[in-house]
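Reading through the structure tokens given below for one structure.
The values are calculated or read from the model by the stated rules, or taken from the named source; none is laboratory data. Keep in mind it's a predicted model, so treat the numbers as computed, not measured. With ideal geometry, Cβ positions are generated from the backbone for all residues, glycine too; neighbour counts draw on all protein chains shown. With ligands, DNA and RNA removed, areas are computed over all heavy atoms of the protein, side chains included. Shrake-Rupley method; radii C 1.70, N 1.55, O 1.52, S 1.80 Å.
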Amino acid sequence: VAPTTPVCEVPSSAMTGTVVQMSCKETEGSPPSEYQWYKNGVALLEKTGTGSARAANVTYTMNKKSGTLLFNTVTKNDTGEYFCEASNGIGLSQKCSVKRMQV
């Protein structure tokens with residue numbers, strides 16, 4: 001079953017240095033969808049928050065299975081327009097509407 005349009009939870013604003021979690025979920029897809037987050041139209045790399053991610057100045061952890069995007073400490077650089085895409089290899093992938101987060 002192809003995925004339906006996912007529901008994205010993106011805070012409209014956040015304080016610098018706080019923890020922010022965004023979520024993305026759709027329930028119709030079978031097999032279960034994987035989720036890809038985008039910022040300003042660019043796909044975010046999947047990082048586990050260890051080693052190389054720190055060197056690349058990445059402040060988030062993205063989980064493609066659960067659809068969560070977690071920022072340990074947001075910075076002004078994390079301000080932008082976010083959306084997520086659900087895909088499971090069947091039918092077209094589905095995107096939620098773009099939501100802006102201001103830090």
Fill in: Enumeration of residues in segment 93-103 that are in contact (Cβ under 8 Å) with a residue 24 or more places away in the chain and part of a loop (DSSP other than H, G, I, E, B)
SER93, CYS96, SER97, VAL103
Worksheet, complete the sentence: Quick count over segment 7-26, residues being closer than 12 Å to GLN94 by Cα and assigned to a loop (DSSP other than H, G, I, E, B), is 1
Discussion item. I need every pair where a residue in segment 13-41 that is in contact (Cβ under 8 Å) with a residue 60 or more places away in the chain has its Cβ under 8 Å from the Cβ of a residue that is part of a strand (DSSP E or B) and exposed (fewer than 12 other Cβ atoms within 10 Å of the Cβ), sequence separation at least 6 or different chains.
Written reply: SER13/GLN102; ALA14/GLN102
Fill in: Matching residues, segment 25-42, being closer than 17 Å to GLY80 by Cα and either open to solvent by less than 60 Å² (accessible area, probe 1.4 Å) or of a type in the set (Val, Ile, Thr) (or both)
GLN36, TRP37, TYR38, LYS39, GLY41, VAL42
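In segment 43-62, what residues are open to solvent by less than 70 Å² (accessible area, probe 1.4 Å), under 26 Å from MET15 (Cβ atoms) and either in a loop (DSSP other than H, G, I, E, B) or modelled with pLDDT of 95 or more (or both)? Explain how you work it out, then say what you get.
The first filter runs over segment 43-62 and keeps only residues open to solvent by less than 70 Å² (accessible area, probe 1.4 Å), leaving 43-44, 47, 49, 51, 53, 56, 58-62.
Keeping just the survivors that are under 26 Å from MET15 (Cβ atoms) gives 44, 47, 49, 53, 56, 58-62.
Residues satisfying the conditions are LEU44, LYS47, GLY49, ALA56, VAL58, THR59.
GLU9 - would you say it is of a type in the set (D, E, K, R) and open to solvent by 20 Å² or more (accessible area, probe 1.4 Å)? Please lay out each step first, then the result.
Values: of a type in the set (D, E, K, R): yes; open to solvent by 20 Å² or more (accessible area, probe 1.4 Å): yes.
Considered against the rule, which asks whether it is of a type in the set (D, E, K, R) and open to solvent by 20 Å² or more (accessible area, probe 1.4 Å), GLU9 comes out as yes.
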Worksheet item: Within segment 72-92, how many residues are in a loop (DSSP other than H, G, I, E, B) and buried (at least 18 other Cβ atoms within 10 Å of the Cβ)?
Response: 2
